[in-house]
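Notes follow the structure.
The values are calculated or read from the model by the stated rules, or taken from the named source; none is laboratory data. Since we're looking at a predicted model, the values are computed, not measured. Note that each Cβ is placed from the backbone with ideal geometry, even for glycine, and that neighbours are counted across all protein chains shown. What goes into the accessible areas is simple: the full protein's heavy atoms, side chains included, and nothing from ligands, DNA or RNA. Shrake-Rupley method; radii C 1.70, N 1.55, O 1.52, S 1.80 Å.
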Amino acid sequence: MGNKKKANWTLIPGQPLTEMDKRILSFQERGKLCPSRELIKTPEQIEGIRKAGVLNTAVLDTVAEKIREGMTTEEIDRIVYETTTKGGGIPAPLNYEGFPKSCCTSINEVVCHGVPSEDVVLEEGDIINVDCTTILNGYYADASRMFVIGKTTPQKQKLVDVAWECLKIGEQVCNQPYVFVGDLGHAIEKHAHKNGFSVVRDLCGHGVGLEFHEDPEVEHRGARGTGMLLVPGMTFTIEPMINMGTWRVFVDEDDPYGWEVISDDELPSAQWEHTFVMTENGVEKLAW
Ligand code: MF3
Ligand code: CO
Ligand code: CO
């Protein structure tokens with residue numbers, strides 16, 4: 001939010017304008033929100049984030065193999081911790097701003113940031129998001145997937161499928177550089193609404209790579225041509241949270257950690273997340 005008119009892109013004194021400088025300045029002159037140079041990763045940094053992404057994807061693959069009815073979310077957390085650390089990584093959520101576990105496990109009406117627990121057992125018909133972020137050699141990659149436990153209702157299955165389609169539509173909009181975050185947000189929201197669902201507004205995707213959460217904010221709704229310009233070398237997530245009912249969310253006052261986000265009407269919510277790098281030819285997936 002905010003800083004819409006601030007000139008973020010600056011030139012390097014004494015250096016001739018590159019094609020990229022010219023391209024970005026042309027948007028900046030029209031009042032568009034452009035990235036600062038720090039958001040453009042070097043090829044070496046991108047390789048580091050890619051390696052973190054390979055490990056993070058392997059962790060989610062391991063969760064996919066082992067997740068089943070009757071398991072506690074604490075067991076999922078243990079799988080994530082073991083797989084991440086065996087691969088030489090650190091689970092980024094652990095002790096992040098007071099978060100007590102290695103991943104987020106968000107079931108049914110829990111929108112995101114569900115805290116794994118001994119007391120939460122997976123039941124037939126549950127839909128659960130497992131969100132993992134890995135730090136490897138100082139680089140971060142972030143992804144989440146939905147899992148359906150056994151067979152669920154047609155409505156919950158549709159929610160899971162539409163949330164996946166929303167992510168794929170966001171990815172599709174980013175099939176070339178110099179698109180805006182608002183372009184993908186607009187397309188995602190349109191698809192969710194067409195299916196009778198809503199898009200969570202209070203949480204968004206984000207830059208990622210050198211830190212857990214960087215600029216830009218990647219809202220999954222909005223108007224075309226708004227939000228930050230996405231240029232080659234930027235690394236970020238798309239992670240739409242799609243609700244069956246209202247887009248409004250809350251955190252329970254009695255939540256001991258204050259992390260778990262729940263839909264206001266306590267109807268189900270679904271989310272998928274990938275980490276991407278923008279290239280000259282559009283986005284490439286780094287974690288999924
Ligand atoms: N992985 C989440 C995201 O996609 C953030 C989780 S923060 C945590 O941005 F502390 F809950 F892990
Ligand atoms: Co994320
Ligand atoms: Co995540």
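Against the compact-protein benchmark of 2.2 N^0.38 Å, the Cα-based radius of gyration of region 54-167 scales to 1.03.
Subtracting the Cα-Cα distance from 0.36 nm times the residue separation, let me have the gained length for Tyr96 to Glu44 in nm, one decimal. Walk me through the intermediate numbers first.
Details: separation 52, 0.36 × 52 = 18.72 nm, distance 2.58 nm.
Extending this stretch completely gives an extra 16.1 nm.
Computed from backbone phi with θ = phi - 60° and the Karplus coefficients 6.51, -1.76 and 1.60, the 3J(HN,Hα) list for region 61-72 is 4, 5, 4, 4, 5, 9, 5, 6, 4, x, 7, 8 Hz; x is used for glycine and proline. With the cut-off at 1.5 for a/c, could you classify region 158-263 from its C-alpha gyration tensor as rounded, prolate or oblate? It comes out oblate by the Cα gyration axes.
Taking amide H as placed 1.01 Å from N in the peptide plane, Glu266 has no amide H partner under 5 Å among residues 5 or more places away or on another chain. The order of Val173, Val251, Val130 by accessible area, most exposed first and with a 1.4 Å probe, is Val251, Val173, Val130. A straight chain from Leu11 to Arg201 at 0.36 nm per residue would run longer than the Cα-Cα distance by 65.0 nm. Non-local lysine pairs in region 93-209, meaning eight or more places apart or on different chains, with alpha-carbon distances under 25 Å, amount to 10.
Inter-label distance, Glu266 to Val251: 2.1 nm, where each label sits 7 Å from its Cα along the C-beta direction. Rounded to the nearest 0.05, the FRET efficiency derived from the C-beta distance between Glu82 and Lys151 at R0 = 35 Å is 0.75.
Could you compute how fast region 214-257 diffuses translationally, taking Rh as the Kirkwood radius over C-alpha pairs and applying Stokes-Einstein at 20 °C with viscosity 1.002 mPa s? Give it in µm² per second. My calculation gives 156 µm²/s for D.
Summing charges over neighbours of Ala270, with a neighbour being any other residue whose Cβ is under 13 Å away from its Cβ, gives -4 when K and R count +1 and D and E count -1. A Förster radius of 30 Å, combined with the Cβ-Cβ distance separating Asp61 from Lys190, puts the computed FRET efficiency at roughly 0.45. Along the chain, the exposed loop sites are trypsin sites (Lys or Arg not before Pro) outside DSSP states H, G, I, E and B with at most 16 other Cβ atoms within 10 Å, and the longest stretch free of them is 69-150.
The three principal axes of the C-alpha atoms in the chain carry coordinate ranges of 63, 43, 34 Å, sorted with the longest axis first.
For the chain, give the percent of accessible area contributed by carbon and sulfur heavy atoms, probe 1.4 Å, rounded to a whole number. The partial results should precede the final answer.
Values: 6510 of 12880 Å².
Its accessible area is 51 percent carbon and sulfur atoms.
Accessible surface for His113 stands near 50 Å², nearest 10, in the context of the full protein assembly shown (1.4 Å probe). Sequence-ordered 3J(HN,Hα) estimates for region 233-243 from the Karplus curve with 6.51, -1.76 and 1.60 and θ = phi - 60° stand at x, 7, 10, 7, 9, 10, 8, x, 9, 10, 9 Hz, glycine and proline given as x. If you average 1/r over all unlike Cα pairs in region 7-47 and invert the result, what Kirkwood radius do you get in angstrom? The Cα-based Kirkwood calculation yields 11.2 Å.
Shape class for region 212-288: prolate, because the ratio a/c of the largest to smallest gyration tensor axis (alpha-carbon atoms, square roots of eigenvalues) is 1.5 or more and a/b beats b/c.
Where only protein heavy atoms count, and the probe is 1.4 Å, what is the accessible area per residue for the chain in Å²?
Values: 12880 Å² over 288 residues.
Value returned for the chain: 45 Å² of accessible area per residue.
Ligands, DNA and RNA aside, Trp164 has an accessible area near 90 Å² when probed at 1.4 Å.
From the protein chains alone at 1.4 Å, what is the descending order of accessible area for Tyr139, Tyr257, Tyr178, Tyr81, largest first?
From most accessible down to least: Tyr257, Tyr81, Tyr139, Tyr178.
For Lys32, the lysines whose Cα comes closer than 16 Å to its Cα, not counting residues fewer than 8 places off in the same chain, are Lys4, Lys5, Lys6, Lys22.
Residues whose amide H falls under 5 Å from that of Phe99, counting only those 5 or more places apart or on a different chain, are absent, with hydrogens built in the peptide plane.
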